[in-house]
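Encoded as structure tokens, the structure appears first; notes follow it.
Read-outs: derived from the displayed coordinates by stated rules, not from any lab. Just so it is clear, the structure is predicted and the values come from calculations on it, not from any experiment. For neighbour counting, all protein chains shown are included, and Cβ atoms are generated from backbone atoms with ideal geometry for every residue, glycine included.
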Ligand code: UDP
């Protein structure tokens, strides 16, 4: 029926790069505030929202100092995601949105440990649940963590917020004539979309029948539009 939101519960993957905006490092607070406002607007529409935050704006295990073992570097990366989780929590609570941060690596002084059933209860009560720490395992990405959490909390869709409009046939930054795929199947995402999302994440979504919507978070209002099922300017895979 008209006016009803198409999604009951969604998983939003917010990369560190998205939060970084046009800065070279860290968090652009203007971006953080606008993302928080859009999430708040979606909460008011009754959508249950879980967010997985990345950490690439601070640290990426794979491209870190080579003197550090990969696994250790990845743990640093996981800690970086927790900083973004807390910043997003602050931005949301400041505008009156109830939130909980749950981390896959325990840090009980500042966040709840990840407990699936508890996360679902928070969502049912209208709280935004922010998942920090990725999967808690090295050699994974926060995209994979997001796909995993989406499956665990039975999300209706996985929304991947990026700095481009969606999945193109080639790199839109390098080639201005790149064509945006609006509707794809998971296999197409694996073929075209690997710069947008990694294979493990796509496979998890495919195996669990979770639609993936890739959209540009830099366009104002796009989070609300995407959650409302408006396909304008984004890619959807299912
Ligand atoms: N990471 C990890 N396991 C996970 C999630 C993340 O080891 O399950 C580490 C990894 O080093 C990664 C970093 O955390 O480079 C930051 O996450 P990611 O690169 O996915 O963040 P984004 O690109 O979304 O900002």
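In a Gaussian network model over the chain where Cα atoms closer than 10 Å are linked, find which of 104, 63, 15 has the largest mean-square fluctuation.
63
Starting from the Kirkwood Rh over alpha-carbon pairs, what translational D in µm² s⁻¹ does the stretch 121-178 have by Stokes-Einstein at 25 °C and 0.890 mPa s?
Diffusion coefficient, whole number: 176 µm²/s.
Across every pair of different alpha-carbon atoms, what Kirkwood hydrodynamic radius in Å does the chain reach?
17.6 Å
Kindly list the residues of the stretch 93-124 that lie in the label zone of residue 154, defined by a backbone N under 12 Å from the point 7 Å along the Cα-to-C-beta vector.
Only 117, 120-121, 124 pass the distance filter.
Once the Cα gyration tensor of the stretch 1-68 is found, what semi-axes does its equivalent ellipsoid get, as square roots of 5 times the eigenvalues, in whole Å, sorted largest first?
31, 14, 7
Sort 39-49, 106-116 by packing, meaning the average of other beta carbons within 10 Å per residue, with the highest value first.
The densest-packed peptide leads the list: 39-49, 106-116.
Between the stretch 1-76 and the stretch 156-224, how many Å separate their Cα centres?
Between the Cα centre of the stretch 1-76 and that of the stretch 156-224, the gap is 15 Å.
Out of all DSSP beta bridges in the chain, what portion is antiparallel? Express it as a percent rounded to 5.
Bridges in the chain that DSSP calls antiparallel: roughly 20 percent.
Mean projection of the alpha-carbon convex hull of the stretch 1-127 over all orientations, in nm²?
That works out to 9.0 nm².
If I take R0 = 25 Å and measure r between the Cβ atoms of residue 178 and residue 207 in this structure, what FRET efficiency does the formula 1/(1 + (r/R0)^6) give, to the nearest 0.05?
My answer for the efficiency is 0.30.
Let me have the relative contact order for the stretch 9-237, percent, based on Cα pairs under 8 Å that are six or more residues apart.
Once normalised by length, the contact order is 22 percent.
For the ranges 208-217, 26-35, 158-167, 178-187, what's the packing order if you count other beta-carbon atoms within 10 Å of each residue, average per peptide, and put the highest first?
Descending packing order for the listed peptides: 158-167, 208-217, 26-35, 178-187.
Can you give the calculated 222 nm mean residue ellipticity of the chain, where each DSSP H run of n ≥ 4 adds -39,500 (n - 2.57) and the sum is split over every residue, rounded to the nearest 500 deg cm²/dmol?
-11000 deg cm²/dmol
Efficiency by 1/(1 + (r/R0)^6): what FRET value for residue 62 and residue 169, r their Cβ-Cβ distance, R0 = 35 Å, to the nearest 0.05?
It comes to 0.85.
Could you tell me the extents of the stretch 150-238's C-alpha atoms along the three principal axes, largest first, rounded to whole Å?
Principal-axis extents of the stretch 150-238 (Cα, largest first): 38, 29, 17 Å.
Given a Förster distance of 35 Å, report the FRET efficiency between residue 238 and residue 218 from their Cβ-Cβ distance, rounded to the nearest 0.05.
0.90
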